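Q: Would you mind keeping the following structure in view while I ask a few things?
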Amino acid sequence: MNLPCRQIRAKIADSLDSSMDPVVLEHTQVCAGCRKILKQTAQLLDAANGAWEAPSVRIVSRVLGLMPESRRILVGKRIQIGGLLPARGPVEEFQIVIGSEDVSVRLLATPERQGWVIRGRLPSPDWLAEAEFPITISEDRFEMFVPSLEESSFELVGPAEVLRIPALSEVIADES
Ligand SMILES: [Zn+2]
């Protein structure tokens, strides 16, 4: 039932053209990346149809309104951090635990020449990780490359809840 984002994205334009595929509907409820693509595609189609008074907003909100969010949305907060940057100087690899009441995830952020690699483990193997950038999932491990920590937000989607991980730059800034 859980199609990969790639397959969902292939169905999005068709869905907007005719009737919304329930699979697309369900997926875009929980996947921020595909939701964004849906929005953008709707805007493109509107532009192509010469309808400039933003029916995309109408389409998208209708689409998103059709299926009530059945999962609990949790917003992750920093629980623990280790190996963080000195006040000044180069930012180095760090580990951070982010979570809410009952779900948490340990992330390892490693600087690379062009950005950051973020690695972690899903809370359990029936969870998914969804982001605007491609995420590789293997067993219960995930890994993604982001150009900057500002763009590192993503979502962990479980059977009953969604844990939103804010951009790590924000989570770190909570330090104060
Ligand atoms: Zn997706």
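Q: Which of the GluC sites (Glu not before Pro) found in segment 113-176 are in a DSSP loop and have at most 10 neighbouring Cβ atoms, other than their own, within 10 Å?
A: Answer in residue order: E139, E175.
Q: In angstroms, what radius of gyration and Dmax does segment 1-43 have, counting Cα atoms only?
A: Gyration radius and largest Cα-Cα distance of segment 1-43: 9.0, 27 Å.
Q: Any idea how far apart A160 and Q80 come out in nm if each label point goes 7 Å out from Cα toward Cβ?
A: Those two pseudo-labels are separated by 2.4 nm.
Q: How many nm separate the modelled label positions at E92 and Q43, each set 7 Å beyond the Cα in the direction of the Cβ?
A: With each label point 7 Å from Cα toward Cβ, the separation is 4.1 nm.
Q: By count of other Cβ within 10 Å, fewest leading, how are I118, I73 ordered?
A: Arranged by neighbour count, lowest to highest, I118, I73 become I73, I118.
Quick note: the coordinates plus some simple rules give every number you see, no bench work behind them. All of these numbers come straight from a predicted model, not from anything done at the bench. Note that each Cβ is placed from the backbone with ideal geometry, even for glycine, and that neighbours are counted across all protein chains shown.
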